[in-house]
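These notes concern the structure reproduced below.
The values are calculated or read from the model by the stated rules, or taken from the named source; none is laboratory data. On a predicted model such as this, the values are computed, not experimentally measured, just so you know. When we count neighbours, we look across all protein chains shown, and the Cβ atoms used for this are built from the backbone with ideal geometry, even at glycine.
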Amino acid sequence: MTTTDAEANVAPEVRLFLARVRRELADLDPEVLSDITDGLEADFTELVEERGPDALGDPVEYAKELRAAAGIPAGARPPRGLAEQVDGFLDAGHARFDAGVAKLGELLRTDLRPVVAWLRPLWWIVRAWAAVWLVSAMFGWSMSSAPAVVLLIVAVAVSMLIGAGRVWPGGERGTLARVVLLVLNAFAVFVLFMTWASGGVGGSEYDRGWSDGFNEAGAGGYATPIEEQAGIYSDGRWVSNIYPYDASGKPLTGVQLFDQDGKPIDVVTQPDCTSTTAAPLPPLAVDELDMAEVACTDEMTGEPLQPRIFYPWSNGAAQLYNVFPLPSRVQPDTALDPNAFAEGAEDAPAIQEPPLATVPEVSLPGVATSSPSASPSASPSASAGTADKP
Amino acid sequence: MDTTQLLKGVLDLTVLAVVDGEDAYGYDIVRKLRDSGLTDVGDASVYGTLRRLYAAGSLTSYVVPSESGPHRKYYGITPAGQGQLKQQREDWSHFSTTVTQILQGARA
(Lines give C-alpha, C1' and ligand atoms only; values in the text may rest on other atoms or scores of the structure.)
Protein backbone atom coordinates (compact mmCIF):
# COMPACT_ATOMS: atom_id res chain seq x y z
CA MET A 1 0.00 0.00 0.00
CA THR A 2 1.39 3.31 -0.96
CA THR A 3 1.42 6.45 1.10
CA THR A 4 -1.05 8.08 -1.25
CA ASP A 5 -3.56 5.32 -0.73
CA ALA A 6 -3.02 5.58 2.97
CA GLU A 7 -3.57 9.32 2.93
CA ALA A 8 -6.82 8.76 1.12
CA ASN A 9 -8.13 7.28 4.36
CA VAL A 10 -7.44 10.46 6.27
CA ALA A 11 -10.52 12.50 7.10
CA PRO A 12 -10.76 15.84 5.27
CA GLU A 13 -10.84 17.86 8.48
CA VAL A 14 -7.62 16.19 9.61
CA ARG A 15 -5.96 16.86 6.30
CA LEU A 16 -7.09 20.48 6.35
CA PHE A 17 -5.94 20.95 9.91
CA LEU A 18 -2.53 19.46 9.16
CA ALA A 19 -2.15 21.56 6.02
CA ARG A 20 -2.76 24.66 8.11
CA VAL A 21 -0.30 23.56 10.75
CA ARG A 22 2.31 22.85 8.11
CA ARG A 23 1.75 26.28 6.59
CA GLU A 24 2.33 27.87 9.98
CA LEU A 25 5.62 26.03 10.11
CA ALA A 26 6.54 26.75 6.51
CA ASP A 27 9.65 28.66 7.56
CA LEU A 28 11.21 25.47 8.92
CA ASP A 29 13.74 23.40 7.11
CA PRO A 30 11.76 20.82 5.06
CA GLU A 31 13.55 18.00 6.85
CA VAL A 32 12.68 19.37 10.26
CA LEU A 33 9.12 20.00 9.14
CA SER A 34 8.62 16.42 7.99
CA ASP A 35 10.31 15.22 11.17
CA ILE A 36 7.90 17.16 13.31
CA THR A 37 4.68 16.50 11.39
CA ASP A 38 5.19 13.02 9.94
CA GLY A 39 2.79 10.48 11.33
CA LEU A 40 0.42 13.12 12.60
CA GLU A 41 -2.25 11.99 10.12
CA ALA A 42 -2.58 8.68 11.94
CA ASP A 43 -2.53 10.25 15.38
CA PHE A 44 -5.08 12.94 14.50
CA THR A 45 -7.33 10.38 12.89
CA GLU A 46 -7.33 8.49 16.17
CA LEU A 47 -7.83 11.70 18.11
CA VAL A 48 -10.86 12.66 16.00
CA GLU A 49 -12.32 9.17 16.39
CA GLU A 50 -11.94 9.41 20.14
CA ARG A 51 -12.77 13.03 20.88
CA GLY A 52 -14.46 14.37 17.78
CA PRO A 53 -13.27 16.92 15.19
CA ASP A 54 -13.50 19.84 17.64
CA ALA A 55 -10.64 18.37 19.64
CA LEU A 56 -8.26 19.40 16.89
CA GLY A 57 -8.60 23.01 17.96
CA ASP A 58 -6.93 26.00 16.33
CA PRO A 59 -4.11 25.12 13.93
CA VAL A 60 -2.31 28.40 14.63
CA GLU A 61 -2.37 27.77 18.38
CA TYR A 62 -1.39 24.18 17.79
CA ALA A 63 1.63 25.19 15.72
CA LYS A 64 2.63 27.74 18.32
CA GLU A 65 2.48 25.16 21.08
CA LEU A 66 4.36 22.64 18.95
CA ARG A 67 7.07 25.18 18.28
CA ALA A 68 7.39 26.15 21.94
CA ALA A 69 7.58 22.56 23.14
CA ALA A 70 10.03 21.57 20.44
CA GLY A 71 12.27 24.50 21.30
CA ILE A 72 12.00 26.06 17.85
CA PRO A 73 12.10 29.84 17.99
CA ALA A 74 8.64 31.16 17.24
CA GLY A 75 8.05 33.88 14.71
CA ALA A 76 11.27 33.31 12.80
CA ARG A 77 8.97 34.25 9.97
CA PRO A 78 5.55 35.30 11.15
CA PRO A 79 2.51 33.82 9.42
CA ARG A 80 1.88 35.72 6.23
CA GLY A 81 -0.84 36.21 3.69
CA LEU A 82 -0.44 35.88 -0.06
CA ALA A 83 0.21 39.61 -0.49
CA GLU A 84 3.01 39.51 2.04
CA GLN A 85 4.51 36.46 0.39
CA VAL A 86 4.46 38.20 -3.00
CA ASP A 87 5.94 41.27 -1.38
CA GLY A 88 8.64 39.17 0.16
CA PHE A 89 9.34 37.55 -3.18
CA LEU A 90 9.63 40.94 -4.90
CA ASP A 91 11.82 42.28 -2.10
CA ALA A 92 14.07 39.27 -2.40
CA GLY A 93 14.32 39.78 -6.16
CA HIS A 94 15.13 43.44 -5.64
CA ALA A 95 17.77 42.60 -3.05
CA ARG A 96 19.30 40.06 -5.41
CA PHE A 97 19.43 42.65 -8.18
CA ASP A 98 21.06 45.19 -5.86
CA ALA A 99 23.58 42.60 -4.74
CA GLY A 100 24.30 41.74 -8.37
CA VAL A 101 24.87 45.39 -9.22
CA ALA A 102 27.14 45.80 -6.20
CA LYS A 103 29.11 42.70 -7.15
CA LEU A 104 29.51 43.83 -10.76
CA GLY A 105 30.57 47.25 -9.45
CA GLU A 106 33.24 45.56 -7.35
CA LEU A 107 34.51 43.71 -10.39
CA LEU A 108 34.63 46.91 -12.43
CA ARG A 109 35.96 48.89 -9.43
CA THR A 110 33.23 51.50 -9.86
CA ASP A 111 30.04 52.26 -8.05
CA LEU A 112 27.32 51.30 -10.53
CA ARG A 113 24.43 52.61 -8.46
CA PRO A 114 24.51 56.11 -10.00
CA VAL A 115 24.62 54.46 -13.42
CA VAL A 116 21.53 52.42 -12.59
CA ALA A 117 19.81 55.51 -11.22
CA TRP A 118 20.65 57.34 -14.41
CA LEU A 119 19.42 54.49 -16.60
CA ARG A 120 16.01 54.42 -14.95
CA PRO A 121 14.62 57.53 -16.74
CA LEU A 122 16.07 56.17 -19.95
CA TRP A 123 14.09 53.00 -19.41
CA TRP A 124 10.95 55.06 -18.78
CA ILE A 125 11.36 56.57 -22.25
CA VAL A 126 12.15 53.23 -23.88
CA ARG A 127 9.10 51.53 -22.40
CA ALA A 128 6.92 54.42 -23.58
CA TRP A 129 8.35 53.92 -27.03
CA ALA A 130 7.55 50.21 -26.80
CA ALA A 131 3.95 50.97 -25.86
CA VAL A 132 3.53 53.35 -28.80
CA TRP A 133 5.20 50.89 -31.13
CA LEU A 134 2.66 48.28 -30.10
CA VAL A 135 -0.29 50.64 -30.63
CA SER A 136 1.11 51.82 -33.97
CA ALA A 137 1.60 48.24 -35.09
CA MET A 138 -2.03 47.49 -34.23
CA PHE A 139 -3.32 50.51 -36.17
CA GLY A 140 -0.78 50.21 -38.97
CA TRP A 141 0.72 53.62 -38.25
CA SER A 142 4.26 54.55 -39.08
CA MET A 143 6.31 55.55 -36.05
CA SER A 144 6.97 58.89 -37.73
CA SER A 145 3.28 59.54 -38.41
CA ALA A 146 1.54 62.32 -36.56
CA PRO A 147 -0.68 60.19 -34.28
CA ALA A 148 2.29 58.02 -33.29
CA VAL A 149 4.41 61.06 -32.45
CA VAL A 150 1.63 62.65 -30.39
CA LEU A 151 1.03 59.34 -28.66
CA LEU A 152 4.75 59.00 -27.98
CA ILE A 153 4.88 62.39 -26.28
CA VAL A 154 1.90 61.47 -24.10
CA ALA A 155 3.30 58.00 -23.39
CA VAL A 156 6.71 59.35 -22.36
CA ALA A 157 5.03 61.86 -20.03
CA VAL A 158 2.85 59.17 -18.43
CA SER A 159 5.75 56.76 -18.18
CA MET A 160 7.87 59.44 -16.51
CA LEU A 161 5.08 60.20 -14.03
CA ILE A 162 4.74 56.52 -13.21
CA GLY A 163 8.47 56.19 -12.85
CA ALA A 164 8.62 59.21 -10.58
CA GLY A 165 5.82 57.70 -8.49
CA ARG A 166 3.22 60.35 -9.26
CA VAL A 167 0.77 58.10 -11.09
CA TRP A 168 -0.55 54.65 -10.25
CA PRO A 169 0.95 52.04 -10.30
CA GLY A 170 4.17 53.94 -9.74
CA GLY A 171 5.29 54.93 -6.26
CA GLU A 172 2.66 52.77 -4.54
CA ARG A 173 4.06 50.20 -2.21
CA GLY A 174 0.89 48.14 -2.44
CA THR A 175 1.41 44.59 -3.61
CA LEU A 176 -1.05 44.91 -6.49
CA ALA A 177 0.64 48.06 -7.78
CA ARG A 178 4.03 46.40 -7.59
CA VAL A 179 2.83 43.32 -9.45
CA VAL A 180 1.08 45.41 -12.10
CA LEU A 181 4.20 47.50 -12.58
CA LEU A 182 6.36 44.40 -12.83
CA VAL A 183 4.03 42.83 -15.39
CA LEU A 184 3.92 46.05 -17.46
CA ASN A 185 7.68 46.37 -17.44
CA ALA A 186 8.14 42.73 -18.34
CA PHE A 187 5.64 43.18 -21.17
CA ALA A 188 7.59 46.22 -22.41
CA VAL A 189 10.74 44.11 -22.49
CA PHE A 190 8.82 41.49 -24.45
CA VAL A 191 7.56 44.10 -26.93
CA LEU A 192 11.07 45.48 -27.36
CA PHE A 193 12.28 41.98 -28.05
CA MET A 194 9.51 41.61 -30.63
CA THR A 195 10.48 44.88 -32.36
CA TRP A 196 14.06 43.74 -32.42
CA ALA A 197 13.10 40.32 -33.73
CA SER A 198 10.92 41.82 -36.45
CA GLY A 199 13.61 44.35 -37.38
CA GLY A 200 11.22 47.18 -36.66
CA VAL A 201 13.73 49.43 -34.94
CA GLY A 202 14.98 50.78 -38.27
CA GLY A 203 11.80 52.77 -38.79
CA SER A 204 8.47 52.36 -40.45
CA GLU A 205 7.76 49.77 -43.09
CA TYR A 206 7.95 52.45 -45.73
CA ASP A 207 11.42 53.49 -44.55
CA ARG A 208 12.56 49.90 -44.51
CA GLY A 209 11.24 49.15 -47.94
CA TRP A 210 12.82 52.24 -49.30
CA SER A 211 16.23 51.59 -47.76
CA ASP A 212 16.07 47.97 -48.94
CA GLY A 213 15.52 49.26 -52.45
CA PHE A 214 18.33 51.70 -51.97
CA ASN A 215 20.69 49.00 -50.76
CA GLU A 216 19.76 46.81 -53.68
CA ALA A 217 20.38 49.68 -56.05
CA GLY A 218 23.80 50.30 -54.56
CA ALA A 219 24.76 46.64 -54.36
CA GLY A 220 25.69 46.36 -58.02
CA GLY A 221 29.26 47.45 -57.44
CA TYR A 222 28.60 50.94 -58.72
CA ALA A 223 29.86 53.85 -56.71
CA THR A 224 27.19 55.30 -54.51
CA PRO A 225 28.08 58.97 -54.24
CA ILE A 226 26.78 59.44 -50.75
CA GLU A 227 28.11 56.93 -48.30
CA GLU A 228 25.77 57.69 -45.49
CA GLN A 229 22.08 57.66 -45.81
CA ALA A 230 20.70 61.09 -45.31
CA GLY A 231 17.29 62.59 -45.50
CA ILE A 232 14.75 64.94 -44.12
CA TYR A 233 11.05 64.36 -43.97
CA SER A 234 8.48 67.07 -43.99
CA ASP A 235 4.91 66.15 -43.10
CA GLY A 236 5.78 62.51 -43.64
CA ARG A 237 7.12 63.07 -47.15
CA TRP A 238 10.71 62.81 -48.18
CA VAL A 239 12.48 66.10 -48.91
CA SER A 240 14.81 65.75 -51.88
CA ASN A 241 15.81 69.38 -52.32
CA ILE A 242 15.28 72.70 -50.55
CA TYR A 243 14.28 75.96 -52.20
CA PRO A 244 14.91 78.91 -49.90
CA TYR A 245 13.24 82.28 -50.32
CA ASP A 246 14.23 85.50 -48.66
CA ALA A 247 11.96 87.65 -46.52
CA SER A 248 10.76 89.56 -49.53
CA GLY A 249 9.69 86.29 -51.12
CA LYS A 250 12.33 86.01 -53.80
CA PRO A 251 14.00 82.65 -54.43
CA LEU A 252 17.55 82.35 -53.11
CA THR A 253 20.44 80.42 -54.55
CA GLY A 254 23.49 79.12 -52.70
CA VAL A 255 22.03 79.14 -49.21
CA GLN A 256 24.16 77.12 -46.79
CA LEU A 257 22.15 75.35 -44.11
CA PHE A 258 23.43 74.12 -40.75
CA ASP A 259 21.59 72.53 -37.88
CA GLN A 260 21.62 73.58 -34.21
CA ASP A 261 24.98 71.87 -33.71
CA GLY A 262 26.59 73.55 -36.69
CA LYS A 263 26.37 70.32 -38.62
CA PRO A 264 25.66 70.72 -42.33
CA ILE A 265 22.09 69.80 -43.22
CA ASP A 266 22.28 67.22 -45.92
CA VAL A 267 18.99 66.04 -47.34
CA VAL A 268 20.32 64.12 -50.28
CA THR A 269 19.78 60.41 -50.57
CA GLN A 270 20.95 59.17 -53.91
CA PRO A 271 19.55 58.26 -56.28
CA ASP A 272 16.32 60.20 -56.27
CA CYS A 273 13.81 57.91 -57.82
CA THR A 274 10.87 59.76 -56.35
CA SER A 275 11.15 62.76 -58.60
CA THR A 276 12.01 60.46 -61.45
CA THR A 277 8.75 58.68 -61.04
CA ALA A 278 6.96 61.97 -60.68
CA ALA A 279 8.31 63.14 -64.01
CA PRO A 280 8.75 60.23 -66.38
CA LEU A 281 11.91 60.39 -68.40
CA PRO A 282 12.64 59.51 -71.97
CA PRO A 283 13.82 55.90 -72.07
CA LEU A 284 17.38 55.09 -72.99
CA ALA A 285 18.45 53.56 -76.23
CA VAL A 286 18.51 49.78 -75.95
CA ASP A 287 22.30 49.46 -76.25
CA GLU A 288 22.77 52.07 -73.49
CA LEU A 289 20.28 50.33 -71.29
CA ASP A 290 22.28 47.13 -71.30
CA MET A 291 25.28 49.02 -69.99
CA ALA A 292 23.45 51.05 -67.44
CA GLU A 293 22.69 50.13 -63.92
CA VAL A 294 18.98 50.14 -63.42
CA ALA A 295 18.70 52.24 -60.31
CA CYS A 296 15.06 53.12 -60.58
CA THR A 297 12.02 51.52 -62.05
CA ASP A 298 8.57 52.84 -62.64
CA GLU A 299 6.39 51.68 -59.79
CA MET A 300 3.43 51.11 -62.08
CA THR A 301 4.98 49.60 -65.18
CA GLY A 302 8.28 48.29 -63.88
CA GLU A 303 10.03 50.06 -66.75
CA PRO A 304 13.60 51.09 -65.96
CA LEU A 305 13.98 54.82 -65.35
CA GLN A 306 16.99 57.05 -65.22
CA PRO A 307 17.69 58.35 -61.73
CA ARG A 308 18.03 62.00 -60.83
CA ILE A 309 21.47 62.55 -59.30
CA PHE A 310 22.24 65.55 -57.12
CA TYR A 311 25.57 67.27 -57.49
CA PRO A 312 27.31 69.12 -54.67
CA TRP A 313 28.31 72.68 -54.35
CA SER A 314 31.97 73.33 -53.60
CA ASN A 315 33.90 75.67 -51.30
CA GLY A 316 37.15 74.90 -53.09
CA ALA A 317 38.17 72.25 -50.59
CA ALA A 318 35.16 70.06 -50.13
CA GLN A 319 32.00 69.02 -51.83
CA LEU A 320 29.00 70.44 -50.02
CA TYR A 321 25.52 69.00 -50.04
CA ASN A 322 24.16 71.54 -47.57
CA VAL A 323 23.99 74.37 -50.09
CA PHE A 324 20.56 74.86 -51.62
CA PRO A 325 19.02 74.42 -54.03
CA LEU A 326 21.21 71.56 -55.14
CA PRO A 327 21.88 71.16 -58.84
CA SER A 328 20.90 67.86 -60.34
CA ARG A 329 20.61 66.04 -63.60
CA VAL A 330 19.07 62.88 -64.89
CA GLN A 331 21.73 60.42 -65.94
CA PRO A 332 21.89 56.73 -66.81
CA ASP A 333 23.97 55.62 -63.84
CA THR A 334 24.23 56.69 -60.20
CA ALA A 335 27.93 57.66 -60.17
CA LEU A 336 28.89 61.32 -59.96
CA ASP A 337 30.61 62.46 -63.12
CA PRO A 338 33.67 64.54 -62.10
CA ASN A 339 33.57 66.30 -65.45
CA ALA A 340 29.90 67.13 -65.30
CA PHE A 341 30.57 70.83 -64.87
CA ALA A 342 33.45 70.90 -67.38
CA GLU A 343 33.31 73.68 -69.91
CA GLY A 344 31.34 72.77 -72.95
CA ALA A 345 29.55 69.90 -71.19
CA GLU A 346 26.15 69.57 -72.77
CA ASP A 347 24.06 68.37 -69.88
CA ALA A 348 25.71 69.97 -66.88
CA PRO A 349 23.74 69.54 -63.66
CA ALA A 350 21.45 72.47 -63.17
CA ILE A 351 19.32 73.91 -60.44
CA GLN A 352 15.77 73.06 -61.29
CA GLU A 353 13.21 75.76 -61.51
CA PRO A 354 11.91 76.59 -58.02
CA PRO A 355 8.42 75.19 -57.43
CA LEU A 356 7.15 78.70 -56.70
CA ALA A 357 8.39 81.76 -58.57
CA THR A 358 7.83 84.00 -55.55
CA VAL A 359 6.25 83.65 -52.15
CA PRO A 360 4.55 86.31 -50.00
CA GLU A 361 6.76 88.71 -48.12
CA VAL A 362 7.27 87.88 -44.44
CA SER A 363 8.30 89.84 -41.38
CA LEU A 364 8.87 89.43 -37.69
CA PRO A 365 8.47 92.46 -35.43
CA GLY A 366 11.81 93.74 -34.21
CA VAL A 367 13.84 91.47 -36.44
CA ALA A 368 15.83 92.92 -39.27
CA THR A 369 15.85 90.42 -42.10
CA SER A 370 18.92 89.92 -44.18
CA SER A 371 19.04 89.57 -47.88
CA PRO A 372 21.87 88.43 -50.07
CA SER A 373 21.84 91.72 -51.92
CA ALA A 374 22.60 93.83 -48.86
CA SER A 375 24.97 93.46 -45.96
CA PRO A 376 22.87 93.73 -42.79
CA SER A 377 25.67 95.28 -40.75
CA ALA A 378 26.48 97.93 -43.32
CA SER A 379 23.02 99.13 -44.09
CA PRO A 380 20.29 97.25 -42.27
CA SER A 381 17.69 99.72 -43.42
CA ALA A 382 18.35 98.66 -46.99
CA SER A 383 17.01 95.16 -46.26
CA ALA A 384 13.64 94.39 -47.67
CA GLY A 385 12.07 93.32 -44.33
CA THR A 386 13.09 96.30 -42.25
CA ALA A 387 10.20 98.37 -43.47
CA ASP A 388 8.08 96.66 -40.84
CA LYS A 389 10.48 97.50 -38.06
CA PRO A 390 8.60 99.61 -35.48
CA MET B 1 -3.83 26.57 40.13
CA ASP B 2 -2.80 26.60 36.54
CA THR B 3 -0.89 23.40 36.01
CA THR B 4 0.38 24.36 32.56
CA GLN B 5 3.54 25.94 33.99
CA LEU B 6 4.17 22.91 36.19
CA LEU B 7 3.63 20.57 33.25
CA LYS B 8 6.28 22.29 31.24
CA GLY B 9 8.91 21.38 33.77
CA VAL B 10 8.02 17.72 33.97
CA LEU B 11 6.99 16.99 30.38
CA ASP B 12 10.41 15.66 29.39
CA LEU B 13 10.52 13.43 32.39
CA THR B 14 7.00 12.04 32.00
CA VAL B 15 7.32 11.44 28.26
CA LEU B 16 10.61 9.59 28.76
CA ALA B 17 9.03 7.55 31.52
CA VAL B 18 6.06 6.54 29.31
CA VAL B 19 8.30 5.53 26.41
CA ASP B 20 10.71 3.72 28.72
CA GLY B 21 8.12 1.01 29.33
CA GLU B 22 7.43 0.28 25.68
CA ASP B 23 7.67 2.07 22.33
CA ALA B 24 4.68 4.25 21.56
CA TYR B 25 3.31 6.65 18.96
CA GLY B 26 2.51 10.25 19.71
CA TYR B 27 -1.17 10.05 20.42
CA ASP B 28 -0.64 6.88 22.43
CA ILE B 29 1.70 8.84 24.69
CA VAL B 30 -0.77 11.71 25.00
CA ARG B 31 -3.49 9.27 26.01
CA LYS B 32 -1.32 7.52 28.56
CA LEU B 33 -0.34 10.83 30.15
CA ARG B 34 -3.96 11.90 30.32
CA ASP B 35 -5.14 8.59 31.64
CA SER B 36 -2.50 8.85 34.31
CA GLY B 37 -3.99 12.12 35.53
CA LEU B 38 -2.21 14.84 33.53
CA THR B 39 -5.50 15.83 31.92
CA ASP B 40 -4.34 19.28 30.97
CA VAL B 41 -1.47 18.15 28.82
CA GLY B 42 -1.67 19.56 25.33
CA ASP B 43 -1.26 17.35 22.30
CA ALA B 44 1.08 19.79 20.59
CA SER B 45 3.21 20.08 23.72
CA VAL B 46 3.74 16.35 23.74
CA TYR B 47 4.59 16.23 20.04
CA GLY B 48 6.95 19.15 20.43
CA THR B 49 8.61 17.45 23.38
CA LEU B 50 8.99 14.24 21.37
CA ARG B 51 10.62 16.19 18.57
CA ARG B 52 13.01 17.92 20.98
CA LEU B 53 13.99 14.71 22.77
CA TYR B 54 14.46 13.02 19.41
CA ALA B 55 16.69 15.86 18.19
CA ALA B 56 18.71 15.63 21.42
CA GLY B 57 19.25 11.90 20.86
CA SER B 58 17.17 10.72 23.80
CA LEU B 59 14.61 9.04 21.55
CA THR B 60 14.65 7.06 18.35
CA SER B 61 11.76 6.93 15.93
CA TYR B 62 10.56 4.56 13.29
CA VAL B 63 7.60 4.35 11.01
CA VAL B 64 5.14 1.48 11.04
CA PRO B 65 3.03 1.17 7.90
CA SER B 66 -0.64 0.61 8.44
CA GLU B 67 -2.93 -1.56 6.40
CA SER B 68 -5.99 0.59 6.87
CA GLY B 69 -4.67 4.13 7.00
CA PRO B 70 -1.67 6.41 7.24
CA HIS B 71 1.51 5.12 8.75
CA ARG B 72 2.31 5.58 12.42
CA LYS B 73 5.46 7.05 13.83
CA TYR B 74 6.70 5.23 16.89
CA TYR B 75 9.17 6.50 19.45
CA GLY B 76 11.57 4.41 21.54
CA ILE B 77 14.05 5.38 24.20
CA THR B 78 17.79 5.37 23.59
CA PRO B 79 20.51 4.60 26.16
CA ALA B 80 21.14 8.33 26.33
CA GLY B 81 17.44 8.82 26.99
CA GLN B 82 17.55 6.23 29.73
CA GLY B 83 20.47 8.05 31.34
CA GLN B 84 18.55 11.29 31.11
CA LEU B 85 15.46 9.67 32.60
CA LYS B 86 17.44 8.28 35.55
CA GLN B 87 19.04 11.66 36.24
CA GLN B 88 15.76 13.57 35.95
CA ARG B 89 13.93 11.03 38.04
CA GLU B 90 16.42 11.64 40.87
CA ASP B 91 16.23 15.40 40.37
CA TRP B 92 12.46 15.29 40.48
CA SER B 93 12.42 13.08 43.54
CA HIS B 94 14.75 15.43 45.35
CA PHE B 95 12.88 18.51 44.16
CA SER B 96 9.41 17.24 45.00
CA THR B 97 10.54 16.04 48.41
CA THR B 98 12.01 19.46 49.10
CA VAL B 99 8.88 21.23 47.95
CA THR B 100 6.69 18.86 49.98
CA GLN B 101 8.77 19.44 53.07
CA ILE B 102 8.57 23.19 52.64
CA LEU B 103 4.85 22.99 52.21
CA GLN B 104 4.44 20.78 55.28
CA GLY B 105 6.68 23.10 57.30
CA ALA B 106 4.64 26.10 56.29
CA ARG B 107 1.47 24.43 57.41
CA ALA B 108 2.91 23.24 60.68
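Give the residues of the range A:339-390 that are at pLDDT below 85, surrounded by 15 or more Cβ atoms within 10 Å (Cβ to Cβ) and acidic (D, E), sorted by residue number. Scanning the range A:339-390 gives a single hit, A:D388.
Could you tell me whether A:T175 is farther than 28 Å from A:T195 by Cα and surrounded by 15 or more Cβ atoms within 10 Å (Cβ to Cβ)?
Working: farther than 28 Å from A:T195 by Cα: yes; surrounded by 15 or more Cβ atoms within 10 Å (Cβ to Cβ): yes.
Yes, satisfied.
Of the numbered criteria (1) modelled with pLDDT under 90; (2) touching a strand residue (DSSP E or B) at 6+ places or on another chain (Cβ under 8 Å), the one B:S58 fails is (1).
Has the range B:80-101 got at least one residue that is at the interface with chain A (Cβ under 8 Å from one of its Cβ atoms), more than 19 Å from A:I72 (Cα to Cα) and not hydroxyl-bearing (S, T, Y)? Taking every residue of the range B:80-101 in turn, none turns out to be at the interface with chain A (Cβ under 8 Å from one of its Cβ atoms), more than 19 Å from A:I72 (Cα to Cα) and not hydroxyl-bearing (S, T, Y). Exactly one residue out of A:D91, A:D87 is within 30 Å of A:L28 (Cβ to Cβ), of a type in the set (D, E, K, R) and touching a residue at least 40 places away in the same chain (Cβ under 8 Å), and it is A:D87.
When the range A:2-31 is limited to residues that are in a loop (DSSP other than H, G, I, E, B) and within 7 Å of chain B (Cβ to nearest Cβ), the one that is modelled with the lowest pLDDT turns out to be A:N9. Do we find that A:Q256 is modelled with pLDDT under 50 and among the polar types (S, T, N, Q) in this structure? When the stated conditions are applied, A:Q256 does not pass them. Residues in the range A:242-253 that are in a loop (DSSP other than H, G, I, E, B) and farther than 13 Å from A:Y321 by Cβ: A:Y243, A:P244, A:D246, A:A247, A:S248, A:G249, A:K250, A:L252, A:T253. The single residue among B:R34, B:R51 that is free of Cβ contacts under 8 Å to residues at least 12 places away in the same chain and under 17 Å from A:G71 (Cα atoms) turns out to be B:R51. Evaluate the range B:22-31: report whether one residue or more is among the charged types (D, E, K, R), within 15 Å of the chain's Cα centre (by Cα) and away from chain A (no Cβ under 14 Å). The answer is yes; a qualifying residue exists.
For beta carbons closer than 8 Å, sequence separation of 6+ or different chains, a first residue in the range A:44-66 that is more than 7 Å from chain B (Cβ to nearest Cβ) and a second that is surrounded by 15 or more Cβ atoms within 10 Å (Cβ to Cβ) and aromatic (F, W, Y), the qualifying pairs are A:F44/A:F17; A:F44/B:Y27; A:L56/A:F17; A:L56/A:F44; A:L56/A:Y62; A:P59/A:F17.
Out of curiosity, is A:S159 polar (S, T, N, Q), modelled with pLDDT of 90 or more and assigned to a helix (DSSP H, G or I)?
Details: polar (S, T, N, Q): yes; modelled with pLDDT of 90 or more: yes; assigned to a helix (DSSP H, G or I): yes.
So A:S159 fits the description; yes.
Screening A:V126, A:V115, A:V101, A:V132 for residues that are touching a residue at least 60 places away in the same chain (Cβ under 8 Å), surrounded by 11 or more Cβ atoms within 10 Å (Cβ to Cβ) and of a type in the set (V, I, T) leaves exactly one candidate, A:V126.
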